[in-house]
Amino acid sequence: MTYSCRSEVFSYQGNYNNALSDINKAIELKSDMEDLYIERASIYCKLGDYSKALIDINKSIELNPDYAMAYNNRSYIYSQLGDYFKANQDFIKAKELGFYK
């Protein structure tokens, strides 16, 4: 999807406003793709907005409960929010789903 790809480029360049604009458009067009929520969560993390990132990661997991990368990323977000118990639980879940082999 063009908006998603361009969002990644903008994010890589540090242009987070344009990255968010494009990923929001991609989600508007295809709201059932869990990867898009992971991508937006990543942008929110780069902006330090872990609360919004958590909402998107939860949506990604809702769409695909077996998505190992989502649990791994949520583990990171929980650690940034200081919830190390939940971070550890998600790290274990990601490993169980095969993220770390």
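Nothing in this text is a laboratory measurement; each read-out follows from the coordinates by a stated rule. These figures come from a predicted structure and were not determined experimentally. For neighbour counting, all protein chains shown are included, and Cβ atoms are generated from backbone atoms with ideal geometry for every residue, glycine included.
Some points to look at:
- Selection from Ser4, Leu29, Gly14, by position along the positive dipole direction of the range 2-96 (Cβ): Gly14
- Separation of alpha-carbon centers, the range 8-23 and the range 71-101, rounded to whole Å: 25 Å
- In terms of surrounding Cβ atoms within a 10 Å radius of their Cβ, Cys5, Cys45 rank from fewest to most as Cys5, Cys45.
- Whole-number Å³ per residue for the convex hull built on Cα positions in the range 16-101: 80 Å³
- Under 21 Å between alpha carbons - lysine pairs in the chain that sit 8 or more apart or on different chains: 13
- Cβ charges +1 (Lys, Arg) and -1 (Asp, Glu), total dipole of the chain, debye: 200 debye
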